[in-house]
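Chemist: Provided herewith is a single structure, encoded as structure tokens, for subsequent inquiry.
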Amino acid sequence: MRLKSAHSQNVVGEIRGRRPELPLVLLGAHHDTQCNNPGADDNASGVVALLELAVLLGAERPLRTIRLVSFGAEEQLSVGSAAYAVAHRKEMPDIGVVFNLDSVSSPLGHHCVLRAGARAFGSWLLRELARAGLDARESAAPMPFADHFPFSVFGVPAVSFLRPNMDSGMRWQHHSAQDNLENVAVSEVARVVSALAKVTRTLAGTRRW
């Protein structure tokens, strides 16, 4: 195996809100994976969820804009999301919240949200997710290798959705040939999409948070 320099890209789409001056909701995932890793869970699951959210929410006209970003080069320590945050640093006050999807399809394990933001925000989010049918644990531990982290550096409340199956917070199939379609659960991705769509509708449809 030889390493070489290459270009990566972020892919950005928007569902334009009726009040674009209000802080927007940003939904993200990363579309790269590791060498010799099929990447079914990490992170095709997040990209599939992002695309399905685009379909579900794209048919609506929300009050606030919903921005969807598929980040490149996350496996090189969140290079794509960091580049996006730095390039748009003057616009950070216009981003109200970030929901990032990363490895959400493990058949075994539990749903977890990594929160960077106020405790009250995390408590509200867990309640809303539970009401939408998704029980999740919360961790406020810093995770500089996830795509929500660069936004939190600029003070934006940000969350990454994960589904670990080990006490360490990782997955046994992580970055290996076992990260394949045999070891994913479409039903778990669907649960995340359904719950996050409801939470996003609530936030994007509310004038005051």
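Chemist: Can you give the FRET efficiency to the nearest 0.05 for Ser168 and Gln34, using r as the Cβ-Cβ distance and R₀ = 22 Å?
Modeler: Values: r = 18 Å, r/R0 = 0.80.
Once rounded, the FRET efficiency stands at 0.80.
Chemist: Here is a further query. Carbon and sulfur together cover what percent of the accessible area of the chain at a 1.4 Å probe radius?
Modeler: On the way: 5990 of 10610 Å².
Of all accessible area on the chain, carbon and sulfur atoms account for 56 percent.
Chemist: Projecting each Cα onto the charge dipole of the chain (Lys/Arg +1, Asp/Glu -1 at the beta carbon, about the Cα centre), which of Ser123, Asn43, Ala190 comes out farthest on the positive side?
Modeler: Most positive-ward Cα: Ser123.
Chemist: Once you sort the root eigenvalues of the Cα gyration tensor of region 128-209 as a ≥ b ≥ c, which label holds: rounded (a/c under 1.5), prolate (a/b larger than b/c) or oblate (the other case)?
Modeler: Numbers: a/c = 2.29, a/b = 1.34, b/c = 1.71.
Because a/c hits 1.5 or more and a/b fails to exceed b/c, region 128-209 counts as oblate.
Chemist: Pulled fully out, how much extra length does the chain show between Arg131 and Val11, if you take 0.36 nm times their separation in residues and subtract their Cα-Cα distance?
Modeler: Details: separation 120, 0.36 × 120 = 43.20 nm, distance 3.12 nm.
Gain on extension, Arg131 to Val11, equals 40.1 nm.
Chemist: Something else about it: Describe numerically, in nm with one decimal, the distance between label points set 7 Å from Cα along Cα→Cβ at Leu51 and at Ala140.
Modeler: 3.7
Chemist: Within 14 Å, Cβ to Cβ, of Asn36, how many net charges do the neighbouring residues add up to if Lys/Arg are +1 and Asp/Glu are -1?
Modeler: On the way: positive: Arg2; negative: Asp32, Asp42, Glu75, Asp179.
Taking every Cβ under 14 Å from that of Asn36, the sum is -3.
Chemist: Using the Cα atoms of the chain, I'd like the radius of gyration and the largest Cα-Cα distance, Dmax, both in angstrom.
Modeler: 16.1, 52
Chemist: Search the structure for amide H atoms under 5 Å from the amide H of His111, placed 1.01 Å from N in the peptide plane, and list their residues when 5 or more places away or on another chain.
Modeler: Correct list: Arg137.
Chemist: Another one. Run the dipole for the chain about the Cα centre, Lys and Arg Cβ at +1, Asp and Glu Cβ at -1, nothing else charged, and hand back the magnitude in debye, nearest 20. Could you put the intermediate results ahead of the total?
Modeler: On the way: 22 positive and 20 negative charges, 194 e Å.
Using Cβ point charges on Lys, Arg, Asp and Glu, the chain gives about 940 debye.
Chemist: Which one, Leu134, Val97, Val159, projects farthest toward the positive side of the charge dipole computed for the chain from Cβ point charges (K/R +1, D/E -1)?
Modeler: Comparing the listed Cα positions along the dipole, Val97 ranks first.
Chemist: So, one more: Sort Phe121, Phe99 by accessible area with a 1.4 Å probe, largest first.
Modeler: Phe121, Phe99
Chemist: Same structure, new question: With +1 assigned to the C-beta of every Lys and Arg and -1 to the C-beta of every Asp and Glu, and no other charges, what is the dipole magnitude of region 26-73 about the Cα centre in debye, to the nearest 20?
Modeler: On the way: 3 positive and 5 negative charges, 65 e Å.
Dipole of region 26-73, to the nearest 20 debye: 320 debye.
Chemist: Long-range amide H contacts for Gly28: which residues qualify at under 5 Å (H placed 1.01 Å from N, peptide plane, sequence gap of 5 or more or a different chain)?
Modeler: Under 5 Å from the amide H of Gly28: Val69, Phe99, Asn100, Leu101.
Chemist: In deg cm²/dmol, rounded to 500, what helix-only [θ] at 222 nm does the chain give when every DSSP H run of at least 4 residues adds -39500 (n - 2.57) and the total is split over its residues? Walk me through the numbers before you get to the answer.
Modeler: Details: 5 runs with 59 residues, N = 209.
Helix-only estimate at 222 nm: -8500 deg cm²/dmol.
Chemist: Rolling a 1.4 Å sphere over the protein heavy atoms, what is the accessible area per residue of region 70-174, to the nearest Å²?
Modeler: Values: 4750 Å² over 105 residues.
Counting only protein heavy atoms, the per-residue value for region 70-174 is 45 Å².
Chemist: Share of antiparallel DSSP beta bridges in the chain, in percent to the nearest 5? Provide the component values of the computation, followed by the final result.
Modeler: Numbers: 10 of 30 bridges.
Bridges in the chain are about 35 percent antiparallel.
The values are calculated or read from the model by the stated rules, or taken from the named source; none is laboratory data. No experiment lies behind these values; they were computed from the predicted model shown. Virtual Cβ from ideal backbone geometry, glycine too; neighbours counted across all protein chains shown. SASA here: full protein model, heavy atoms, side chains in, ligands and nucleic acids out. Shrake-Rupley method; radii C 1.70, N 1.55, O 1.52, S 1.80 Å.
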